[in-house]
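Just below is one structure, and these are the notes that go with it.
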Amino acid sequence: MGRNHVNITNLNIEKYTAGVRITDSSHINIVGNSFKEETAVMDTPMGIVIEASSDVLIESNNFTSISGPAIASNGKNIIVRRNTLTDIIDGIDGSIAIEGSLNTITDNKIETATTSIRLAEADSNIIARNHITGGVSLVSCSDNQIFGNNLTSIRLVIGSNNTFFDNYLTELELDEFAVNNTFYGNTFAAGLEVRFYD
């Protein structure tokens, strides 16, 4: 809590409730670590938890077999890039769960059957060039850019002025409160399923 200019690098982190927790801090680098949760005894383990913090870099980490989100963040200027996430079990919050603004999620490999990235009450973020076997979900979000991703699905609930381009996807879900959003240059797989719900 309340730490600045800290580097966390090249560690093997196992059997935790939160592998790394950052609160009210800034300029933190978490690079080249391995997170693995091997026990079911603990309550919803999470890899990295960021609360009310800014300017955090999460880069080139491996997350494996985690029951909760690999990364859960409420902050600003958080960069999540070049990480590998495998077998993340959480189906509600997603493998990467982001709240806040001006965050960037790029060039990650996420292998999960559930929601891979979930933005909630998150504005002006970028999700780009990720390889995702699950989906991206936006809830109460505006002014985000989602582009260049290979993913299964996009779900947009109560959001406006979001832009989606150059993505490859097989499923699209929009609710009646998702308005003034822009889709262009996307590639849709054969048999694309589009759902509108209220």
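Using the Karplus equation 6.51 cos²θ - 1.76 cosθ + 1.60 (θ = phi - 60°), what ³J(HN,Hα) coupling, rounded to whole Hz, does each residue of segment 167-179 give in order, writing x for Gly and Pro?
Karplus values, whole Hz, x for Gly and Pro: 9, 10, 8, 10, 8, 9, 10, 10, 9, 5, 9, 8, 10.
Over the chain, give the accessible area per residue in Å² for a 1.4 Å probe, as an integer.
46
Let me check something: with ligands and nucleic acids excluded, how do 175, 55 order by accessible area (1.4 Å probe), largest to smallest?
My answer, sorted largest first, is 55, 175.
Could you compute the net charge surrounding residue 156? Neighbours are other residues with a C-beta less than 9 Å from the C-beta of residue 156; K and R count +1, D and E count -1.
Overall, the nearby charge balance is -1.
By its C-alpha gyration tensor, with a ≥ b ≥ c as the square roots of the eigenvalues, how is segment 1-109 shaped: rounded for a/c under 1.5, else prolate for a/b larger than b/c, else oblate?
rounded
Can you bin segment 56-157 into rounded, prolate or oblate? Criterion: square roots of the alpha carbon gyration tensor eigenvalues sorted a ≥ b ≥ c, rounded for a/c under 1.5, prolate for a/b above b/c, oblate for the rest.
Cα axes put segment 56-157 in the rounded bin.
Out of residues 5 or more away from residue 76 or on other chains, whose amide H comes under 5 Å of its own, with H placed 1.01 Å from N in the peptide plane?
53, 54, 55
So which lysines pass the test for residue 76, namely a Cα distance under 18 Å, with those fewer than 8 places away in the same chain ruled out?
Excluding near neighbours in sequence, the set is empty.
What would the Debye equation give as log₁₀ I(q)/I(0) for the chain at q = 0.08 Å⁻¹, counting only Cα atoms as equal point scatterers?
Reported log10 I(q)/I(0), two decimals: -0.24.
What do you reckon, how do 13, 110 stack up by accessible area (1.4 Å probe), largest on top?
Of 13, 110, the descending order of accessible area is 13, 110.
The values are calculated or read from the model by the stated rules, or taken from the named source; none is laboratory data. Values in this document were obtained by computation on a predicted structure and should not be read as measured data. As a convention, Cβ positions derive from the backbone with ideal geometry for all residues, glycine included, and neighbour counts pool all protein chains shown. Only protein heavy atoms, including side chains, enter the accessible area calculation; ligands, DNA and RNA are left aside. Shrake-Rupley method; radii C 1.70, N 1.55, O 1.52, S 1.80 Å.
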